[in-house]
Amino acid sequence: MDKNLLIRNLRNVPNFPKEGIQFKDVSTLFKNPACVKEMLNELVNIYKDKGITKVVGIESRGFVMGAMLAEKLGAGFIMCRKPGKLPAKTISAEYNKEYGTDTIEMHEDALGENEIVLIHDDLLATGGSMKAAIELVNKFAPKKVYVNFLIELRMEGLKGREFIGEDAEISTLLTLTE
Ligand code: AMP
């Protein structure tokens, strides 16, 4: 995979959404067809032989590559969403944010028995939202859970990979330290 192509095209927005945060804006990767192709090919290479039956995307930036990858893998695509967005009966999990807590939801019939699930999001920071998504997916007693991020942030104080721990097998396309 051409990591430099991705790094060159990823926009960093300093101090968004608040002072001190270096926001990694993946919209500049998504708008570039060469970057999309590069990321999708790499994801297909990693997951093509794993028998993935469902890709779960986390709202909203996890929907973009997640849905494309599901099609390539011949898997179904599931939306993991913010509260109140899914119309049918849901199950939910809470996670801690810097200030207070947040909740994510999935439809209670989103997954069946014996599924091999890949949960995908754009970026790993603290790992809080992914840990909650894993907790939700585990309620369906899947055969195996994989986790993927386009970008892993490894900066001071961020220990997302450690926080997720042994709950799932993790892959990331880019690791950024600043
Ligand atoms: P976390 O639950 O802390 O791992 O945060 C991950 C979620 O927040 C992902 O859905 C990201 O899109 C978003 N996020 C957190 N920090 C950043 C950042 N520095 N740049 C871009 N997105 C971020």
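Expressed in Å, the radius of gyration and Dmax of the Cα atoms of the chain are 15.7, 45.
Amide H to amide H, with H built 1.01 Å from N, Gln22 comes under 5 Å of Asn15, counting only residues 5 or more places away or on other chains. Between Tyr99 and Asn12, full extension at 0.36 nm per residue minus the direct alpha carbon distance yields a gain of 29.0 nm. Across segment 158-178, the residues whose backbone nitrogen lies under 17 Å from the label position 7 Å along the beta-carbon direction of Lys143 are 169. Explain nothing, just the number: dipole magnitude of the chain about its Cα centre with +1 on each Lys and Arg Cβ and -1 on each Asp and Glu Cβ, in debye rounded to the nearest 20. With only Lys, Arg, Asp and Glu charged at Cβ, the dipole is about 400 debye. Listed values for segment 37-43 are Karplus-derived 3J(HN,Hα) couplings in whole Hz (6.51 cos²θ - 1.76 cosθ + 1.60, θ = phi - 60°), namely 4, 4, 5, 5, 4, 5, 5, and x replaces Gly and Pro. Annotation: lysines with alpha-carbon distance below 26 angstrom to Lys85 (same-chain offsets under eight excluded): Lys18, Lys24, Lys31, Lys54, Lys97, Lys131, Lys139.
Mind giving me the FRET efficiency for Glu156 and Glu59? R0 is 30 Å, r the Cβ-Cβ distance, nearest 0.05 is fine. After rounding, the FRET efficiency stands at 0.60.
Rule-based calculations on the coordinates, nothing more; no lab input. Just so it is clear, the model here is predicted, and its values are computed rather than measured. So basically every Cβ, Gly included, is an ideal-geometry build from the backbone, and we count neighbours across all protein chains shown.
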